[in-house]
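Undergrad: Before I ask anything, here is the structure I am working with.
Coordinate-derived values only; no laboratory data. All values derive from a computational prediction rather than experimental measurement. Note that we place each Cβ from the backbone using ideal geometry, even for glycine, and neighbour counts take in every protein chain shown.
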Amino acid sequence: MQGKLNVTYQLVCENDIHKEISLNEILQNEKIVKLLKSEFAKGLRNLDITSDDNSSHIVLKSQKELYEFEADKKDFADLIELAEEDAKARKLFKKGCQEIALVDFVTL
């Protein structure tokens, strides 16, 4: 196999978050309902906030920076190790962020 791969990865940290919250769960929180009423219906009274779509979710997740490097196609089996080496060379690892996750790889 000849050619190159463009590999994209991100750091994985201990305090990363990925949480999905349903719209109904959000609207059950009194603080949020009060905030919505004061922001979008200021001065109006006797309001009820509901949602018809039960499948809507909001995702809270850590914002991550993506890093890229090139590798030979023959090194496909070692992409994780190569990504770790690239992160070490860039001095990306720090306390609490000692792992990487492959995001994508594209044939060039």
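Undergrad: Could you give the size of the charge dipole of the chain about its Cα centre, using +1 on the Cβ of each K and R and -1 on the Cβ of each D and E, expressed in debye and rounded to the nearest 20?
TA: On the way: 16 positive and 21 negative charges, 126 e Å.
For the chain, the charge dipole is close to 600 debye.
Undergrad: When every alpha-carbon pair in the stretch 17-61 is counted, what percent end up more than 16 Å apart? Don't skip to the end; give the middle numbers.
TA: Details: 452 of 990 pairs.
Counting every Cα pair in the stretch 17-61, those more than 16 Å apart make up 46 percent.
Undergrad: Now a separate question. Along the stretch 61-75, what does the Karplus equation 6.51 cos²θ - 1.76 cosθ + 1.60 (θ = phi - 60°) give for ³J(HN,Hα), rounded to whole Hz, x for Gly and Pro?
TA: The phi angles translate into 8, 5, 7, 10, 8, 9, 10, 10, 7, 9, 9, 6, 4, 5, 8 Hz.
Undergrad: Something else about it: So for each of 43-51, 24-32 I average, over its residues, the number of other beta carbons within 10 Å; can you give me the resulting order with the highest mean first?
TA: 24-32, 43-51
Undergrad: Scan around LYS4 for amide H atoms under 5 Å from its own, H built in the peptide plane at 1.01 Å from N, and keep only partners 5 or more places away or cross-chain.
TA: Result for LYS4 returns LYS73, LEU108.
Undergrad: Next question. How many Lys pairs in the chain lie less than 15 angstrom apart by Cα atoms, where the lysines are 8 or more positions apart or on different chains?
TA: Values: LYS4/LYS73; LYS4/LYS74; LYS19/LYS61; LYS19/LYS64; LYS34/LYS42; LYS64/LYS94.
Count of close lysine pairs: 6.
Undergrad: Quick one: among VAL59, VAL33, VAL12, which has the greatest mean-square fluctuation in a GNM of the chain with alpha-carbon springs under 10 angstrom?
TA: Sorting by GNM fluctuation, first place goes to VAL33.
Undergrad: Among ALA71, ALA41, ILE21, whose Cα sits farthest toward the positive end of the charge dipole of the chain (+1 at Cβ of Lys/Arg, -1 at Cβ of Asp/Glu, about the Cα centre)?
TA: In the chain, that residue is ALA41.
Undergrad: Another question, if that's okay. What do you get for GluC sites (Glu not before Pro) in the stretch 41-108 restricted to DSSP loop and a cutoff of at most 16 other Cβ within 10 Å of the site's Cβ?
TA: Numbers: sites: GLU65, GLU68, GLU70, GLU81, GLU84, GLU85, GLU99; in loops: GLU65.
Taking the stretch 41-108 and a limit of 16 other Cβ atoms within 10 Å, the loop GluC sites (Glu not before Pro) found are GLU65.
Undergrad: Return the calculated 222 nm mean residue ellipticity for the chain, to the nearest 500 deg cm²/dmol, obtained by summing -39500 (n - 2.57) across DSSP H runs with n ≥ 4 and dividing by the residue count.
TA: Numbers: 3 runs with 27 residues, N = 108.
It comes out at -7000 deg cm²/dmol, rounded to the nearest 500.
Undergrad: How large is the Rg to Rh ratio of the chain when both quantities use alpha carbon positions and Rh follows Kirkwood? Mind showing how you got there, number by number?
TA: Numbers: Rg = 22.0 Å, Rh = 17.6 Å.
Taking Rg over the Kirkwood Rh, I get 1.25.
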